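The values are calculated or read from the model by the stated rules, or taken from the named source; none is laboratory data. All values reported here derive from a predicted model rather than from experimental measurement. Counting neighbours? That spans all protein chains shown, and the Cβs are built from the backbone with ideal geometry, glycine included. SASA here: full protein model, heavy atoms, side chains in, ligands and nucleic acids out. Shrake-Rupley method; radii C 1.70, N 1.55, O 1.52, S 1.80 Å.
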Amino acid sequence: MNFDLTKEQLMVQSMVRIFAEKEIKPIAQELDATGEFPWDIIHKMAPLNLMGMTVPREWGGAGIDDISYMIAIEEVARVCGSTSVIMAVHNSVCCYPIYKFGTDAQKEAFLRPLASGQKLGGFALTEPGAGSDAGAVRTLAVLDGDEYVLNGNKIFITSGSEADILVVIVSTDLSKGTKGLSTFIVEKGTPGFTYGSIEDKMGVRASATTELVFENCRIPKDNLLGEQGKGFNLGMATLDASRMGIAAQAVGIAQGALDEAVKYAKEREQFGRPIGKFQAIQWMLAEMSTKVKAARFLVHKAAYLKDMGKSFTKESAMAKLYASRIAMEVANNALQIHGGYGYTKDYVVERFFREAKITEIYEGTSEVQRMVIAREALR
Ligand code: CAA
C-alpha cells in the first residue's frame with residue numbers, strides 16, 4: 001500500500017491550486033454576492049484540461065486518473081463552491097455517461113466539444129415529485145417518427161440555463177416505473193426547450209440552479225443515450241461515480257474553512273495572546289484536521305477503486321456521507337473560532353458554512369447515501 005500521490009497527481013494538485021488561488025479566489029466572494037455565472041473562469045479552465053479530465057485523449061479529454069480529478073475538484077472547492085459544482089457536474093454527470101454509454105457518433109458530436117471545454121454540460125434528473133425517489137420521474141418522451149417528443153419539467157438543475165448539452169432522464173413508459181425511464185441528450189436552443197426560474201440559493205449561489213421546461217420539444221431519435229428503458233440504471237451508475245466528486249467538493253470546502261480557522265487562530269488576540277494558544281481552540285483544530293484527512297482518504301479510496309475498474313458504489317456513497325457531514329462540522333467550528341466576525345460577510349468562513357450544507361443534499365441526500373450503503377452491506 002502506498003499513500004503517496006504520484007508525480008502526475010502532485011502536478012495536477014499544484015497546477016489547480018495555483019490557478020484557483022490566482023484566478024478564482026479573488027472573485028469568489030463577489031460571485032457569491034451577485035450569483036453571476038462564472039463564465040470567465042470556465043473559459044480559463046478549458047485550456048487547463050479541467051473540463052474533460054477523465055475523458056480519454058482520443059475523445060478530446062485529458063485522460064487522467066480519477067484520483068487526480070478528485071484532487072482538482074477539492075482544490076477548486078477550497079476557494080469556490082459554485083465553480084467546483086459546475087466543474088463536477090460537467091465532468092461527472094455529463095461527460096462521464098456520454099463516454100460510458102454513448103455511441104461513437106454521440107461521442108463525436110457531444111463528448112468531444114464537452115471534453116475540450118468548448119461546450120458546457122449539465123444533467124437533469126430531479127423533478128418536483130422526483131427528488132430522493134428518482135424513479136418517480138414524470139417528464140415523458142414519446143416516439144414520433146424519427147424524433148422523440150418531450151413534455152414535462154425538471155428542477156434544481158445545476159448550470160441549467162447555461163449548459164449547451166444536457167443529459168436528461170425522462171420516462172418513455174409511465175406504467176413501468178424505474179424500468180420505463182430512458183436517457184436523452186438535449187441541446188440548448190432546441191425548440192420547445194425553455195427555462196423557468198433560477199433558484200435564489202443559500203450557497204453555491206453562482207451555479208445557475210434552473211428549472212427546465214419541455215413543451216413538445218422534439219429531439220432526434222439518435223439522441224437516446226444507452227437503451228430505452230435503461231435510463232434509471234444509467235442514472236444510478238452515473239451518480240455512483242459522481243458522488244465521490246461531491247465528497248471531494250465537501251473536503252475542499254472543509255479544508256478551505258480549516259485554513260481560514262488556523263490563520264485566524266494565529267492572528268486574533270484575546271486575553272493577551274493569540275486564541276490559538278488556548279487549548280479549547282487547539283482541540284477544535286485538531287478534530288477538524290483529523291476529520292478532513294479521514295474524509296480525503298475515503299474520497300481517494302473510492303476514486304482508486306474506480307481507477308482500478310473495481311466496484312465503488314458503496315465507497316463513493318460512504319465518502320459523500322462522511323465528507324459532507326464533516327464539511328458541515330468543520331465549517332461550523334471554523335465560524336465559531338471566528339466568533340462574531342465569522343457571522344459577517346467580511347469573513348469567508350460565512351460562505352463556506354453555507355456552501356457546506358448543499359453537499360449533504362445534492363447528488364443524493366445523506367439519507368439516500370445511507371440507503372445505498374446499507375443495501376450494499378446487506379447484499
Ligand atoms: N447502478 C445500476 N443500476 C442500479 C443501481 C446502480 N447503482 N442502483 C439501483 N439500480 C437498479 C436496480 O438493480 C433495479 O433494477 P432491477 O429492477 O432490474 O433489479 C433498479 O435500478 C431499481 O432499483 P431500486 O429498487 O434500488 O430503486 P429505488 O427506487 O429504491 O431507488 C435510490 C434507489 C438509491 C433511492 C435512488 O432513487 C436514488 O439514488 N435517489 C437519489 C437521487 C439522486 O441522487 N438525485 C440527485 C440528482 S442529480 C444532482 O443533484 C446533480 C446536481 O445538480 C449537483
- [ ] With respect to G160, determine if the residue is touching a residue at least 12 places away in the same chain (Cβ under 8 Å), open to solvent by 10 Å² or more (accessible area, probe 1.4 Å), within 13 Å of the ligand (Cβ to nearest atom) and not in a strand (DSSP E or B).
- [x] no
- [ ] State yes or no: is S82 at pLDDT 95 or above, outside the structural domain of S324 (by TED's automatic domain parsing), within 13 Å of the ligand (Cβ to nearest atom) and under 18 Å from I169 (Cα atoms)?
- [x] no
Open item on the list: Take residues that are surrounded by fewer than 16 Cβ atoms within 10 Å (Cβ to Cβ) and tell me which of the strands (runs of 3 or more DSSP E) falling wholly in the range 179-261 contain 3 or more.
Closed with: 193-198, 210-220
- [ ] Report, ordered by the first and then the second residue, all pairs with beta carbons closer than 8 Å, sequence separation of six or more or different chains, a first member in the range 354-369 that is on the phi < 0 side of the Ramachandran plot and touching a residue at least 24 places away in the same chain (Cβ under 8 Å), and a second member that is of a type in the set (K, R) and within 8 Å of the ligand (Cβ to nearest atom).
- [x] Q369/R243
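Per-residue answers, yes or no, for (1) in the same structural domain as I275 (by TED's automatic domain parsing); (2) open to solvent by 30 Å² or more (accessible area, probe 1.4 Å); (3) touching a residue at least 40 places away in the same chain (Cβ under 8 Å):
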residue	(1), (2), (3)
V299	yes, no, yes
Y322	yes, yes, yes
E329	yes, yes, yes
G340	yes, yes, no
T344	yes, yes, no
V349	yes, no, yes
F352	yes, no, yes
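For the range 345-379: of the residues being assigned to a helix (DSSP H, G or I) and basic (K, R), which is farthest from the ligand (Cβ to nearest atom)?
Applying the first criterion (assigned to a helix (DSSP H, G or I)) to the range 345-379 yields 349-358, 366-378.
If we keep only those that are basic (K, R) as well, we get 351, 354, 357, 370, 375.
Values: R351: 18, R354: 16, K357: 13, R370: 10, R375: 7 Å.
In this case the residue turns out to be R351.
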Task: Criterion violated by S316 - all others in (1) among the small types (G, A, S); (2) under 14 Å from M70 (Cβ atoms); (3) open to solvent by 20 Å² or more (accessible area, probe 1.4 Å) satisfied - done: (3)
